[in-house]
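Here is the structure we will look at.
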Amino acid sequence: MPPYARPVPSDPARPVVPDYGGACVSRVVTALLGRIEAGFLPDPVAGAEQTVLLVLDGLGWEALREHAATMPTLAAFAGGSVTTVAPSTTAAALTSITTGLTPAEHGIVGYRMRVEGRVLNVLRWSWGGGRPPDPFTVQRHTPFGGREVSV
């Protein structure tokens, strides 16, 4: 079995925890950029000159496997399970993907955060009126290793 095709525990009594040293969303971009060992990347991706990173928020590995007939193209892609971060919020995970850091390291831990005495909606980067804070004052880590990426 290739290293990227490892199974995910499906025992609901045994939660899946982040694999911060292995196949975790916090390591995908750094692996793609060649900054860390990329043994968990599928063979067609490892060493590729260009890649497209498609993030389908909320689509877990087990759901993809269970509904493979509904999503045959996605199910046919090479690869395997990748754990998310804790807390497993969209804001924390997207920031981990782009920075290569865990939520404890980059500081974005939820959908809403108290910043400058106000509640910041991290996904919309707004706080219900007025100019929101400069992102660099809230999260000081350079995304994508400082490389320009098309979004």
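The values are calculated or read from the model by the stated rules, or taken from the named source; none is laboratory data. Values in this document were obtained by computation on a predicted structure and should not be read as measured data. Counting neighbours? That spans all protein chains shown, and the Cβs are built from the backbone with ideal geometry, glycine included. Please note that ligands, DNA and RNA were not included when accessible areas were found on the heavy atoms of the full protein model with its side chains. Shrake-Rupley method; radii C 1.70, N 1.55, O 1.52, S 1.80 Å.
Points worth noting:
- Our coupling estimate for segment 138-149, obtained by passing each phi through the Karplus curve with A = 6.51, B = -1.76, C = 1.60 and θ = phi - 60°, is 9, 9, 8, 10, 5, x, 6, x, x, 8, 6, 10 Hz, Gly and Pro reported as x.
- If you take the alpha carbon atoms of segment 54-109 and fit the smallest convex hull around them, that volume is 80 Å³ per residue.
- The H on the amide N of residue 118, modeled in the peptide plane, is under 5 Å from the matching H of no residue at least 5 residues off or on a different chain.
- Cut-off under 5 Å, modelled amide H: who pairs with residue 24 long-range: 83
- Accessible-area ranking of 101, 53, largest first, probe 1.4 Å: 53, 101
- Paramagnetic reach from residue 17 in segment 99-117 [backbone N under 18 Å; point 7 Å along Cα→Cβ]: 102-105
- Net +/- balance of residues flanking residue 133 in space, Cβ distance below 15 Å, scoring K and R +1, D and E -1: +4
- The mean sequence distance of close C-alpha pairs (under 8 Å, at least 6 residues apart), as a share of the length of the chain, puts its relative contact order at 24 percent.
- Rg ratio for segment 40-151: its Cα radius of gyration over 2.2 N^0.38 Å, N being its residue count, equals 1.26.
- Ranked from largest to smallest solvent-accessible area, with a 1.4 Å probe on the protein heavy atoms, 136, 144, 40 come out as 136, 144, 40.
- Net charge in the neighbourhood of residue 25 (other residues with Cβ under 12 Å of its Cβ; Lys, Arg +1, Asp, Glu -1) is -1.
- Residue 78-residue 149 FRET efficiency (beta carbon distance; Förster radius 25 Å; 0.05 resolution): 0.70
- Degrees, to the nearest 10: 90-99 long Cα axis against longest axis of the chain: 80 degrees
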